[in-house]
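Written below as structure tokens is the structure these notes are about.
Just so it is clear, none of the values below were taken in a lab; they were calculated from the coordinates. Because the structure is predicted, anything quoted here is derived from the model rather than measured. Positions of Cβ are generated from backbone atoms using ideal geometry, with glycine treated the same way; all protein chains shown enter the neighbour counts.
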Amino acid sequence: MRIRQIALVAREIEQVKSTLSSLLGAEQIFADPKMVIFGCQNIIFTIGDTFLEVVSPIKHGTTAGRLLDRRGGDGGYMVIVQVNDFKTEKNRLTETDFRIIWETESERAAAIHLHPKDVPGAIASLDWMVPPDEWYWAGEGWDKRKARYAQSITAAEIQSDDPDGVAKLWGIAYNRPIDYSKEVPRLPLESSEVRFVKAEDNRGPSLSAIDIEVIDKNVILDQAERLGLPKKGNSVIACGINLNLI
């Protein structure tokens with residue numbers, strides 16, 4: 001069980017596409033035409049064998065559009081965790097009070113999205129693939145579109161007014177114990193984690209940062225400087241969240 005994809009939400013997708021393409025060194029990007037069913041468009045960047053998606057509404061009344069309005073701009077949207085046994089996870093979740101807001105299942109892929117009011121901060125998704133090293137959401141040939149400057153998404157950071165309480169809910173959602181031994185609560189996963197921090201802005205519970213293991217940190221920081229993006233140490237702000245360069 002590990003983080004396989006992070007989704008962000010943006011008002012102007014072309015601007016974010018240009019920014020992230022430059023930062024990550026990604027010339028080839030997948031766009032899923034089926035997203036129109038949800039009143040949205042998207043782009044997906046391949047980062048090693050993990051993925052960074054940006055979703056943008058093209059119609060009124062979408063979940064993505066309401067989130068942009070409520071949070072006052074671009075930001076985090078979904079944390080997508082790949083699980084080993086989808087049926088077991090689905091059966092387990094039916095025994096909880098968590099509401100499933102969307103699901104799909106086929107012979108080769110499946111996913112469940114949990115209500116963000118039940119698991120605050122982002123839409124928590126449990127996804128499954130056959131074979132496990134595939135990722136059909138990113139389109140055919142995703143392994144030929146890898147970013148040149150980054151190689152893996154290794155963490156997501158959820159902010160709220162109650163990090164301990166929110167961490168407990170995420171632990172139940174993914175059936176994993178929370179590690180309270182560090183400065184902030186953490187949900188340990190395979191080669192990745194979800195951290196829970198105190199909110200320091202007025203945007204409410206949200207996905208506020210991700211960690212990206214990079215190939216060339218200096219190139220990314222130089223690109224951020226050229227683009228005029230805010231920076232703090234080894235972090236760059238883009239699409240309303242902190243990109244922590246590891």
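The table for this structure:
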item	result
Alpha-carbon spread of the chain, three principal axes, descending order, Å	51, 40, 37
Structure-based [θ]222 nm, the chain - -39500 (n - 2.57) summed over DSSP H runs of at least 4, per residue, nearest 500	-6500 deg cm²/dmol
Given LYS144/LYS182; LYS34/LYS231; LYS146/LYS231; LYS17/LYS90; LYS17/LYS231; LYS117/LYS182, the pairs whose alpha carbons are separated by over 28 Å	LYS144/LYS182; LYS34/LYS231; LYS17/LYS90
Relative contact order, percent, segment 21-94 [alpha-carbon distance under 8 Å, six or more residues apart]	18
Charge dipole magnitude, Cβ of K and R +1, D and E -1 - segment 1-47, Cα centre, debye nearest 20	240
Student exercise, the chain dipole from Lys, Arg, Asp, Glu Cβ charges, in Debye to nearest 20	400
FRET E, pair LYS144, ASP97, Förster distance 41 Å, beta-carbon r, rounded to 0.05	0.45
Counting DSSP beta bridges with both ends in the chain, the antiparallel % (nearest 5)	70
Positive minus negative residues near LYS87 (Lys, Arg vs Asp, Glu; Cβ under 15 Å)	-4
Cut-off 11 Å between beta-carbons: net charge of the residues surrounding ASN234, Lys and Arg +1, Asp and Glu -1	+2
Rounded FRET efficiency, nearest 0.05, which uses the C-beta distance separating ASN175 from GLN28 and R0 of 25 Å	0.10
Mean Cβ count within 10 Å, highest first, over the residues of peptides 42-50, 133-141, 78-86	42-50, 78-86, 133-141
For segment 44-55, 3J(HN,Hα) per residue [Karplus equation, 6.51 cos²θ - 1.76 cosθ + 1.60, θ = phi - 60°, Hz, x = Gly/Pro]	10, 9, 8, 10, x, 10, 10, 9, 10, 9, 10, 10
Nearest-0.05 FRET efficiency for ASN202 and GLU14, computed from C-beta distance (R0 30 Å)	0.60
